[in-house]
Every structure is written in C-alpha cells, then in structure tokens.
Amino acid sequence: MKIAFVGKGGSGKTTLSSLFIRHLAATRAPVLAVDADINQHLGPALGLDEADAAALPAMGARLPLIKEYLRGSNPRITSADTMIKTTPPGEGSRILRVREDNPVYDACARPVELDDAAVRLMVTGPFTEADLGVACYHSKTGAVELLLNHLVDGRDEYAVVDMTAGSDSFASGMFTRFDMTFLVAEPTRKGVSVYRQYKEYARDFGVDLKVVGNKVQGQDDIDFLREQVGDDLLVTVGHSDWVRAMEKGRPPRFELLEDTNRRSLQALQSAVDSSYDRRDWDRYTRQMVHFHLKNAQSWGNERTGADLAAQVDPTFVLRESQPQSA
C-alpha cells in the first residue's frame, strides 16, 4: 500500500510519518520509507544522527541509474535520456517491489534499524548550494514520482512517503500515486487551509484523503477540526513525551509510546488496509498516462527532443500480479 503524509510546514507531518513507519515496522511489515521533502527531516525522525542522515544517497543524484534500470527492454523508450519524471511503465519495463533487492535499492536505499526491526529508507536529497538559481526542487522529487510509477505493492506491505510541505505536490501527478493520503493539520485556520486546497485539487482524481489532527490539546480543538473538515477527520494526536524524547535524539523503545497515540496509529493502519479492496489499477494507469501526456506537451517534448507521447503503451495496465522483466 502506498501512503502519503502531507500538510503545511510545521504541522508535524514528518513526525507523524515517522511514527507510522515505526508502528508498521513493529508489526514486522515490510516498509519502504521515502523522504520526498527537500528539507530532509525523515532520517533524523527515524533516529539517524546528523552525519548518518547527511550520508544517505540522494535519489536525484542517481537518476540516470534509476532511469536505465526501469527502462529495461521497453521498446517505446529509446534511451534513458528521454525518460522524464512521469514516464509510465510499459511492456518490457522493470517493475519495483517493496520486498525485493534490486540495483535501485542498492544504490539509493539504506536500512534503518528501529528497535527489533528495520525499514528501507530512500531520500530525494537536499537542495544544495549548487542548485540555487538554476534548479527547481521538483527536479529532485521527480525521482520519487518515477519510482512510484514503477512500484507494485501488495496487501500488508507499505511504501510511506513524507511529501513536500503545502500543496506543491500538485505541480505534478504524484498526488495520485497513493492508496491513502494523510493530511496532518493543526487545529487552527492556517492548519486547515492546506486541507481545503488538497480537497479541491484532488476532487476529480479519486484521492482517498483523511485528516490527522495534530497538536490537539482538548475537546475544543477536536470540535474545531470536525467543524472544518467534517468526516475527513480520522484521528487526533496530542502531546507526547515519547515524541519529545525522540526530538531530543533519545527515543525510548517504541512500545513505550502512549496508549492513546498507539491507538491513533492503529487507526491509520486500519484505514490504509481497508483501502486495499478499493484499488483500481486501470484508473491508476490512466492517471499516470494523463499526467505524462500533460508534462510531455508542456515541457517534456521540448526538453528531450522526443515525442514522449510515443512512450505510452496503450495496452499496458500496471497490476499487482505484474510479471518482472529480465
């Protein structure tokens, strides 16, 4: 299952996504964690020290390798140079799976130990001084979108993505790549403003959106969120001494997280798991193609010098039972 955590800057989306990753790892579920936020805080939130977090391999810097591997023997893609962030898979493309080993994970993923379990962590890479004035951060997150386009995941395996703050993920089609999107909102007018943007943008794309109320201090905060977001409010999370210790770099064992917050995380997992039966691979593939054609026409054809619409395999549908290409 593919899960996104979104929200305005400072809402606590990275903290909540890291708690959810820890929760899934504690159940021994296979987890691929992806930091798609240029601020790159997910590694430290999962317990990495500053040096180890800085040493994580950046997906953006390994984009040629990623493209070449995913292209496989797809005859519609003449070279890796013609692949863009929205390029969809087709017959002959290589498909990624959460549980497997492959050259993309070898180059870009690193194991992170969490108590008695481990997860794979991938990061876009930070926005560097060399990028200032010459690059857009969407060029970094494009590697994540390409990975998600080629990732097939099944029941009880999870890809959790900490997204860019705000509504910037709508600059591409990445917001349609998820089975469930959790929007982390504080009980303030600013806190729910991103929710309204997301709800409006996602309306026509069947995005499964639930709100996680964060930094909730009492019933008045819960009532406010319920008034603002209605039935989209799934759970609320309040003060946590465990999180405070984690933010100081001294996290206790995860089993010591407060019972109320553990129940909230279980509610998130139940919501994700229940979305499995609503999966529609045909719609997923159509949306992938829709955004690829939009990007091809608006900038991709000019950038690559190729007709990127020709990359679309009209008979191909990405499915859970997808055979792997050699």
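Values quoted throughout were computed directly from the atomic coordinates according to the rules given, and no laboratory measurement underlies them. Just so we're clear, the structure is a prediction, and the values are computed from it rather than from any experiment. Here Cβ is always computed from backbone atoms with ideal geometry, including for glycine, and neighbour counts include all displayed protein chains.
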_Starting from the 7 Å offset along Cα-to-Cβ, what nm value, one decimal, do you get for the label separation of Tyr201 and Arg189?_
2.2
*Give the angle, between 0 and 90 degrees and rounded to the nearest 10, that separates the Cα long axis of helix 13-26 from the longest principal axis of the Cα atoms of the chain.*
90
_Kirkwood hydrodynamic radius, segment 234-326, all distinct C-alpha pairs: what's the number in Å?_
17.9
*Say R0 is 45 Å: what FRET efficiency, to the nearest 0.05, do Ala118 and Glu91 get from their beta-carbon distance?*
0.85
_By average C-beta atoms within 10 angstrom, highest first, the peptides 93-99, 119-125_ = 119-125, 93-99
*Can you tell which of Gly47, Gly191, Gly249 shows the greatest fluctuation in a Gaussian network model of the chain with Cα springs below 10 Å?*
Gly249
*asked:* Please report the antiparallel percentage of the DSSP beta bridges confined to the chain, to the nearest 5.
replied: 20
*Considering the chain as a Gaussian network with a 10 Å cut-off on Cα pairs, which listed residue, Lys67, Lys294, Lys13, attains the greatest mean-square fluctuation?*
Lys294
*Using alpha carbon centroids, what distance separates segment 41-71 and segment 176-206, in Å?*
26
*Could you pull out which residues in segment 286-319 have an amide N less than 15 Å from a spot 7 Å beyond the Cα of Glu157, following the Cα-Cβ vector?*
319
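If you place +1 on the Cβ of every Lys and Arg and -1 on the Cβ of every Asp and Glu, how big does the dipole about the Cα centre of the chain come out, in debye to the nearest 20? List each step's numbers first, then the result.
Details: 39 positive and 46 negative charges, 86 e Å.
That gives a dipole near 420 debye.
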_Separation in nanometres of the label points that stand 7 Å from Cα toward Cβ, at Glu255 and Ala310_ = 6.0
*Add +1 for every Lys or Arg and -1 for every Asp or Glu among the other residues with Cβ under 9 Å from the Cβ of Val184, and state the total.*
+1
*Can you give the angle from 0 to 90° between the axis of helix 219-229 and the longest principal axis of the chain, with both taken from C-alpha atoms, to the nearest 10?*
30
*Assign unit charges at the C-beta atoms only (+1 for Lys and Arg, -1 for Asp and Glu), then state the dipole size of segment 1-156 relative to its Cα centre in Debye, rounded to the nearest 20.*
580
*Whole Å is fine, so just give me how far the alpha carbon centre of segment 9-36 lies from that of segment 220-250.*
15
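Kindly provide the helix-only [θ] at 222 nm of the chain, computed as the sum of -39,500 (n - 2.57) over DSSP H runs of four or more divided by all residues, to the nearest 500 deg cm²/dmol?
Result for the chain: -10500 deg cm²/dmol, rounded to the nearest 500.
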*Which label in (i) 6, 27, 36, 23, 8, 1; (ii) 7, 30, 40, 20, 3, 0; (iii) 6, 25, 32, 25, 10, 1, 0 gives the computed P(r) over Cα pairs in 10 Å bins from 0, in percent*: (i)
*Around Gln228, what is the net charge, scoring Lys/Arg as +1 and Asp/Glu as -1 over all other residues with Cβ under 9 Å from its Cβ?*
+2
*How many nm is it between the label spots at Ala107 and Leu65, if each spot is 7 Å from the Cα in line with the beta carbon?*
0.5
_Degrees between helix 189-202 axis and first principal axis of the chain (Cα, 0 to 90, nearest 10)_ = 30
*Pick out, from Phe178, Gly305, Thr15, the residue whose Cα sits farthest towards the positive end of the charge dipole of the chain, with +1 on the Cβ of Lys and Arg and -1 on the Cβ of Asp and Glu.*
Gly305
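Find me the longest stretch of the chain that has none of the exposed GluC sites (Glu not before Pro), where exposed means in a DSSP loop (not H, G, I, E or B) with at most 12 other Cβ atoms within 10 Å. List each step's numbers first, then the result.
Values: sites that count: Glu100, Glu320.
The reported range is 101-319.
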*asked:* Viscosity 1.306 mPa s, temperature 10 °C: what is the translational diffusion coefficient of segment 1-137 from Stokes-Einstein with a Kirkwood Rh over Cα pairs, rounded to a whole number of µm²/s?
replied: 97
*Go through Trp281, Ala143, Asn295 and say which Cα lies farthest out towards the positive end of the charge dipole of the chain; charges sit on Cβ, +1 for Lys and Arg, -1 for Asp and Glu.*
Asn295
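Can you tell me how much longer the chain between Ala80 and Asp232 gets when fully stretched, taken as 0.36 nm per residue apart minus their C-alpha distance, in nm with one decimal? Before the final figure, lay out each step's value.
Numbers: separation 152, 0.36 × 152 = 54.72 nm, distance 4.09 nm.
My answer for the length gained is 50.6 nm.
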